[in-house]
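Peer 1: Below is one structure. I have some questions about it.
The values are calculated or read from the model by the stated rules, or taken from the named source; none is laboratory data. What you are looking at is a predicted structure, and each value in this text was computed from that prediction instead of being measured. Don't worry about glycine lacking a Cβ; one is built from the backbone with ideal geometry, like all the others, and counts go over all protein chains shown.
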Amino acid sequence: MKKIISIAASILLLGMVLAGCSNKQQQSQQSKPSVKEETMTVNKDKKEVKMQAEVNGKYFTEGTRHAVVYKGGKNGEKSILRGLADEKKFYEAMMSLGAKPGNNLTAEDMKKGAKSIEGSKVNVFVTWDGLGKEIPFGDVIKSTDYKGNDLPLRSMDFRFGGNIDRANKNNTGCVLCLDSCATGIVSNASYKAGEVEALKNVKFYGKKDVLPKDGTKVTVIFRLAE
């Protein structure tokens, strides 16, 4: 009888030990952080921010003024490149490099086509796996008038507009705009605010013969010029 009790006790103890090990293993697995793709990096030595994005092939044939928009923003599906990092975090990253925001445009300016964005000059490049080099952002963009006739693309003059108050209020997700913008964090001073939507002077497209296919991951590089 004593032998039976001893065997039963041993079995019970073994079961408790195994259960404890199983629980610890489950807790260990649960406590491991999930591995997430790094969508934005900051290099203060190079004074640059790199953001991951995806090609939106819709804008190979449809015009837009949006170059890069965070996919979680209201305008997340309106840009040539779908940004994978939040525009507000991008603003903070640019500020950490010492960029000076222009903050000189209002919503009213977007109706007039008279003023350009100000702020620190930013050189913007794009690259992707297999390309082996950085190319200026202007090289992946083409422009037409509103009737679809080709127009020469003006030289890009990207500026750190800032606009964080409007970015927080509007949640559009706008990171990089192809004309001067009162909401986008970085925008193009070569085209005045309102030239696209108010004056209807120009439309922008991604170059299908330069950019990789729809959905391809690319890296957008924002480098302070001054």
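Peer 1: Report, ordered by the first and then the second residue, all pairs with beta carbons closer than 7 Å, sequence separation of six or more or different chains, a first member in region 84-101 that is assigned to a loop (DSSP other than H, G, I, E, B), and a second member that is among the aromatic types (Phe, Trp, Tyr).
Peer 2: Note: pairs meeting the criteria are 85/70; 86/70; 99/160; 100/160.
Peer 1: Of everything in region 80-115, what is out of contact with any strand residue (DSSP E or B) (no Cβ under 7 Å at 6 or more places or on another chain) and surrounded by 22 or more Cβ atoms within 10 Å (Cβ to Cβ)? Give them in sequence order.
Peer 2: 91, 105
Peer 1: Looking at region 121-151, which of its residues are part of a strand (DSSP E or B), among the hydrophobic types (A, V, I, L, M, F, W, C) and either surrounded by fewer than 13 Cβ atoms within 10 Å (Cβ to Cβ) or touching a Leu at 6+ places or on another chain (Cβ under 7 Å) (or both)?
Peer 2: 122, 124, 141
Peer 1: Let me ask something additional. Is it the case that region 116-128 has a residue that's touching a residue at least 24 places away in the same chain (Cβ under 8 Å) and acidic (Asp, Glu)?
Peer 2: Initially, region 116-128 is screened for residues touching a residue at least 24 places away in the same chain (Cβ under 8 Å), giving 116-128.
Imposing the further condition that a residue be acidic (Asp, Glu) reduces the set to 118.
Among the residues of region 116-128, at least one is touching a residue at least 24 places away in the same chain (Cβ under 8 Å) and acidic (Asp, Glu), which makes the answer yes.
Peer 1: Residue 154: surrounded by fewer than 23 Cβ atoms within 10 Å (Cβ to Cβ), assigned by TED's automatic domain parsing to the domain that holds residue 59 and touching a residue at least 24 places away in the same chain (Cβ under 8 Å), yes or no?
Peer 2: Yes, satisfied.
Peer 1: Next question, about the same structure. Is it the case that some residue within region 109-116 is basic (Lys, Arg), at pLDDT 95 or above, outside any helix (DSSP H, G or I) and under 13 Å from residue 224 (Cα atoms)?
Peer 2: Taking every residue of region 109-116 in turn, none turns out to be basic (Lys, Arg), at pLDDT 95 or above, outside any helix (DSSP H, G or I) and under 13 Å from residue 224 (Cα atoms).
Peer 1: Let me spell it out: the conditions are (1) assigned to a loop (DSSP other than H, G, I, E, B); (2) on the phi < 0 side of the Ramachandran plot, and residue 162 meets all of them except one. Which number is the exception?
Peer 2: In the conditions (1) assigned to a loop (DSSP other than H, G, I, E, B); (2) on the phi < 0 side of the Ramachandran plot, residue 162 misses (2) alone.
Peer 1: Can you tell me how many residues in region 115-149 are within 16 Å of residue 191 (Cβ to Cβ) and acidic (Asp, Glu)?
Peer 2: So the answer is 2.
Peer 1: Something else about it: Anything in region 45-57 that is out of contact with any helix residue (DSSP H, G or I) (no Cβ under 7 Å at 6 or more places or on another chain) and either in contact (Cβ under 8 Å) with a residue 40 or more places away in the chain or closer than 14 Å to residue 137 by Cβ (or both)? List them, or say none.
Peer 2: Selection gives 46, 47, 48, 50, 52, 53, 54, 55, 56, 57.
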